[in-house]
1. I need the full set of residues from the stretch 33-75 which are surrounded by fewer than 20 Cβ atoms within 10 Å (Cβ to Cβ), out of contact with any Asp or Glu (no Cβ under 7 Å at 6 or more places or on another chain) and polar (S, T, N, Q), in order please.
2. Out of all the residues in the stretch 91-101, is one or more closer than 22 Å to Ala25 by Cβ, surrounded by fewer than 22 Cβ atoms within 10 Å (Cβ to Cβ) and either of a type in the set (Asp, Glu) or touching a residue at least 60 places away in the same chain (Cβ under 8 Å) (or both)?
3. Select, from Thr78, Thr100, Thr57, the only residue that is of a type in the set (Val, Ile, Thr), part of a helix (DSSP H, G or I) and over 21 Å from Thr204 (Cβ atoms).
4. Collect the residues in the stretch 173-203 that are within 18 Å of Ala131 (Cβ to Cβ), free of Cβ contacts under 8 Å to residues at least 40 places away in the same chain and aliphatic (A, V, I, L, M), keeping them in residue-number order.
5. Being assigned to a helix (DSSP H, G or I) and within 23 Å of Leu90 (Cβ to Cβ) is the requirement here; does Leu182 meet it?
6. So, Leu32, is that one outside any loop (DSSP other than H, G, I, E, B) and at pLDDT 95 or above or not?
7. Of the residues Val116, Val152, which single one is more than 12 Å from Gly102 (Cβ to Cβ), surrounded by fewer than 16 Cβ atoms within 10 Å (Cβ to Cβ) and of a type in the set (Val, Ile, Thr)?
8. Output the number of the condition that Thr193 fails; it satisfies all remaining conditions of (1) surrounded by 15 or more Cβ atoms within 10 Å (Cβ to Cβ); (2) of a type outside the set (Phe, Trp, Tyr); (3) touching a Lys or Arg at 6+ places or on another chain (Cβ under 9 Å).
Amino acid sequence: MSVQLAIPPRTAALVAYLAAATNLAAAIAMLLLLRPGLPALSGTVDQHIAYIAGHLTLWRLGWLLWNAAAVSLLAFYTGLAGVFVSRAPLICALALVVATAGIAADLSAEALYMGVGADLGPGPFAALEHAASLLTGYVGNGLYTLAGVLLVWAGAREIPRPLLLLSLPVWAAGLALSGSSLVGFIPGQIWSTAALMPLFVIWTGLMGRWLASRGS
């Protein structure tokens with residue numbers, strides 16, 4: 001990564017606010033639109049299929065919000081990397097490579113849910129649920145978490161201590177979700193997601209405020 005990719009803090013702040021807003025919207029969509037069709041949250045495979053078939057437009061709308069959340073997260077990470085690049089260019093570059101791999105896995109899982117899920121029988125759908133859970137919960141979320149840790153490490157001398165401390169439960173929840181998804185521990189997936197989403201939204205919004213205060 002070169003210095004030419006440096007991003008003004010105010011620009012990074014705007015992207016941080018966008019990421020906070022889209023991830024909040026995605027979390028609400030999870031509760032209101034997607035929950036009845038997801039394996040870790042409610043019902044049986046047959047009930048999931050029935051819900052998706054009867055609410056296909058809302059189901060796909062919910063996943064589109066998660067697509068937007070993933071893209072905004074990558075943009076936020078790019079903004080942070082652009083702010084911290086002069087201090088830690090290699091760490092910032094590695095973080096963006098990791099985050100890009102994460103979004104590839106995440107969007108692939110969401111595409112499976114959006115485009116294939118409603119057309120399958122119970123057996124194949126259960127297999128799809130498991131594969132998608134691993135892709136988004138373990139691979140995607142795990143890589144997002146690693147990328148976030150790397151970026152906080154890159155900017156540790158500049159980020160205010162309260163924001164550094166607040167980031168710790170964010171990454172802990174992310175790691176818990178990744179591990180729970182890997183082993184199929186549904187209670188762990190539920191509670192780690194319930195902790196991760198509000199913590200991440202709050203932390204990202206506060207990071208945006210700090211970046212805005214740094215000026216251009």
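1. Ser42, Thr44, Gln47, Thr57
2. Looking only at the stretch 91-101, we keep the residues that are closer than 22 Å to Ala25 by Cβ, and these are 99.
Of the ones still in play, those that are also surrounded by fewer than 22 Cβ atoms within 10 Å (Cβ to Cβ) are none.
For the stretch 91-101, residues closer than 22 Å to Ala25 by Cβ, surrounded by fewer than 22 Cβ atoms within 10 Å (Cβ to Cβ) and either of a type in the set (Asp, Glu) or touching a residue at least 60 places away in the same chain (Cβ under 8 Å) (or both): absent.
3. Thr57
4. Across the stretch 173-203, the qualifying residue is only Val183.
5. Working: assigned to a helix (DSSP H, G or I): yes; within 23 Å of Leu90 (Cβ to Cβ): no.
Criteria not met by Leu182.
6. Numbers: outside any loop (DSSP other than H, G, I, E, B): yes; at pLDDT 95 or above: no.
No.
7. Values: Val152 fails: surrounded by fewer than 16 Cβ atoms within 10 Å (Cβ to Cβ).
Of the residues listed, the single one that is more than 12 Å from Gly102 (Cβ to Cβ), surrounded by fewer than 16 Cβ atoms within 10 Å (Cβ to Cβ) and of a type in the set (Val, Ile, Thr) is Val116.
8. (3)
The values are calculated or read from the model by the stated rules, or taken from the named source; none is laboratory data. Predicted model, so just to flag it, every value in this text is computed and none were measured. Because the Cβ atoms are built from the backbone with ideal geometry, glycine has one as well, and the counts that use them run over all protein chains shown.
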